[in-house]
1. Given a Förster distance of 56 Å, report the FRET efficiency between residue 22 and residue 199 from their Cβ-Cβ distance, rounded to the nearest 0.05.
2. Pop out the Kirkwood hydrodynamic radius of the stretch 171-228 from its pairwise C-alpha distances, inverse of mean 1/r, in Å to one decimal.
3. For the stretch 127-136, what does the Karplus curve 6.51 cos²θ - 1.76 cosθ + 1.60, with θ = phi - 60°, yield as ³J(HN,Hα) per residue in whole Hz, taken in order and with x for Gly and Pro?
4. Too long at a 28 Å Cα-Cα cut-off: which of 116/197; 108/254; 85/116?
5. If I compute solvent accessible area with a 1.4 Å probe over the protein chains, what percent of it on the stretch 53-172 is carbon and sulfur?
6. Cross-link list 65/277; 18/331; 331/357: which exceed 30 angstrom alpha carbon to alpha carbon?
7. Rounded, prolate or oblate, given the Cα gyration tensor of the stretch 214-264, with a/c below 1.5 counting as rounded?
8. What ³J(HN,Hα) values, in whole Hz, does the Karplus curve 6.51 cos²θ - 1.76 cosθ + 1.60 give for the stretch 252-261 when θ = phi - 60°, with x put for Gly and Pro?
Amino acid sequence: MPFLEAIKLALSAILGHKLRSFLTLLGVIFGVATVIVVVSLIEGFNSYVDEKIANIGTNAFSVTKFSIDDFSSVEALNAARRRNKDVTLDDAAALRARGGAIQDVGGKEDTLGAVKFGATSLFRVHIGATTPNIAEIERIEAGEGRYFSKAEEESRRNVTFIGADVADKLFPTANPLGQTIRIDGRPFEIIGVGKAKGSVFGQPQDMYVSIPLSGFLAIYGSRRSINLSVTSTSPATYQQAVDEARSIMRTRRKLSFNEKDNFGIITPSAINELRDKIFGTIQVAAIGITSISLVVGGIVIMNIMLVSVSERTKEIGIRKSIGARRSDILKQFLAESTILSLLGGSIGIAIAYALAKLVAALTPVPTVLPLFAVTAALVVSASVGLISGVYPAWRAAGLDPIEALRAE
């Protein structure tokens with residue numbers, strides 16, 4: 001029997017028992033939908049982390065007071081807080097003077113504070129302080145105006161670059177450029193407004209004000225650790241720049257060769273490793289647990305196919321008596337179970353896509369539905385149907401035609 005003929009017979013049998021076929025599909029539909037929704041949530045989280053990694057900057061890494069390993073436990077963090085020295089602007093100058101594979105070094109620090117204009121006050125606004133080159137290193141885009149300059153940073157001018165949300169709340173109808181706002185009671189002139197970035201996980205990304213780092217340290221105190229963003233001259237020299245930065249920092253802290261770093265160097269690969277370490281097992285477990293529903297769907301298909309074989313015993317006997325071979329019967333029932341499962345998988349993917357869009361629209365949780373997940377879902381659902389149909393198909397193909405013709 002040609003394979004196309006087997007598909008036609010399978011579709012005819014499925015359409016002949018619509019309600020039973022639909023109830024059979026439910027297990028696979030919900031199984032595939034559940035797995036795809038979980039995968040889309042995981043991929044959404046991974047995409048968010050990748051976006052944050054991308055925001056570190058091109059060929060960039062961070063030098064900080066704490067390393068990623070210091071956040072492994074409360075005890076490790078407290079020990080690092082006592083042991084590690086602050087990262088300062090002098091460290092930034094030393095790294096910048098090194099040259100070599102290191103191209104540029106920028107500094108930044110932040111706190112929370114109040115911002116006011118006229119009668120409107122905003123509280124717990126993120127106050128970021130940076131050197132001017134951070135705008136280039138981290139690709140900060142201006143929707144209006146500009147970022148502050150090196151001359152403004154060196155002269156500690158009270159200028160500020162504000163986020164889109166701050167601009168909308170303080171100046172709903174007016175142009176914010178040139179206006180003076182108060183940041184923790186001190187006047188700052190607005191010279192630029194950042195391009196809107198939206199929110200992630202419900203956290204607004206545009207509720208901030210940025211001021212020159214030198215002025216920030218003068219206002220809030222210089223006895224604090226800052227974070228450094230370091231760039232390499234090219235992708236090829238990235239690792240060399242990391243090694244040079246580590247060597248300079250260790251030399252400045254007079255560490256011997258067998259002493260552990262008392263600072264941190266954060267690279268995109270380190271962030272990825274931390275993410276995989278924390279969430280890798282959770283992801284595998286989540287997908288594994290939800291995949292159990294696919295097994296249940298496969299069992300449902302097998303049971304219904306066995307019922308179908310019992311109901312169609314006489315039909316099978318007639319087909320075999322007029323020349324149908326064992327392989328023809330096998331093809332017919334395998335095609336039927338596989339098509340059932342594929343239909344269920346397709347409907348499940350459509351439901352999962354709608355649910356993912358709904359979750360993204362109603363909650364702060366980002367979702368991503370990758371093509372590989374859709375393809376894998378179809379392959380797995382077809383495989384479930386094929387495997388589930390093997391025993392019923394084998395049983396149907398093995399029926400004795402004479403005994404089958406006697407069946408009522």
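The values are calculated or read from the model by the stated rules, or taken from the named source; none is laboratory data. Not measured: the values here are computed from a predicted model. All Cβ positions, even for glycine, are placed from backbone atoms using ideal geometry, and neighbour counts span all protein chains on display. To get the accessible areas, we keep the full protein, side chains included, count just its heavy atoms, and leave off ligands, DNA and RNA. Shrake-Rupley method; radii C 1.70, N 1.55, O 1.52, S 1.80 Å.
1. Calculated transfer efficiency: 0.90.
2. Evaluated over the stretch 171-228, this radius sits at 13.8 Å.
3. 9, x, 10, 9, 7, x, 6, 4, 4, 7
4. Pairs exceeding 28 Å: 85/116.
5. Within the stretch 53-172, the accessible surface is 49 percent carbon and sulfur.
6. Table pairs above 30 Å Cα-Cα are 331/357.
7. The shape class here is oblate.
8. Each residue of the stretch 252-261 in turn: 5, 9, 6, 8, 7, 5, 9, 8, 6, 4 Hz.
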